[in-house]
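Notes for the one structure printed next.
The values are calculated or read from the model by the stated rules, or taken from the named source; none is laboratory data. All values derive from a computational prediction rather than experimental measurement. Positions of Cβ are backbone-derived with ideal geometry, glycine not excepted, and every protein chain shown enters the neighbour counts.
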Amino acid sequence: LVDFVIKVVDKPRSLRLIEVLARIIVKVKRAMMSPLRRLMEEVGRPLAKRISAIALRWGNKSAVKWAEDESFIRYLTIINANNPSGFR
């Protein structure tokens, strides 16, 4: 479908078509992600944002960078994945 639209339409003007194409592209992107990358987006990034917000409220100005720090997000994801559910 995406290939067909690209061949036939230079610039889609239909809002509905754009929405459908966007959903397809998001699904394809998620399917191509590694399992770790997917967990980083679903688990690590939200955790990093929460921790960053807490640290900012406590006055740590550098914490604003934590929410987008890939290494920090990966660390939180791996720690969370290895944490037994009984200890959460």
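Structure data summary
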quantity: Neighbours by Cβ (under 8 Å, 6+ apart or cross-chain): first from region 16-29, free of Cβ contacts under 8 Å to residues at least 12 places away in the same chain; second surrounded by 11 or more Cβ atoms within 10 Å (Cβ to Cβ) and of a type in the set (S, T, N, Q); calculated: none
quantity: Residues (part of a helix (DSSP H, G or I), farther than 14 Å from ILE73 by Cα and hydrophobic (A, V, I, L, M, F, W, C)) located in region 24-37; calculated: ILE24, ILE25, VAL26, VAL28, ALA31, MET32
quantity: Residue selected from region 38-60 under the condition over 10 Å from ILE73 (Cα atoms) and at pLDDT below 95, by the criterion surrounded by the fewest Cβ atoms within 10 Å (Cβ to Cβ); calculated: GLU42
quantity: Qualifying residue in region 47-56 (condition: among the β-branched types (Val, Ile, Thr) and over 26 Å from VAL28 (Cα atoms)); calculated: yes
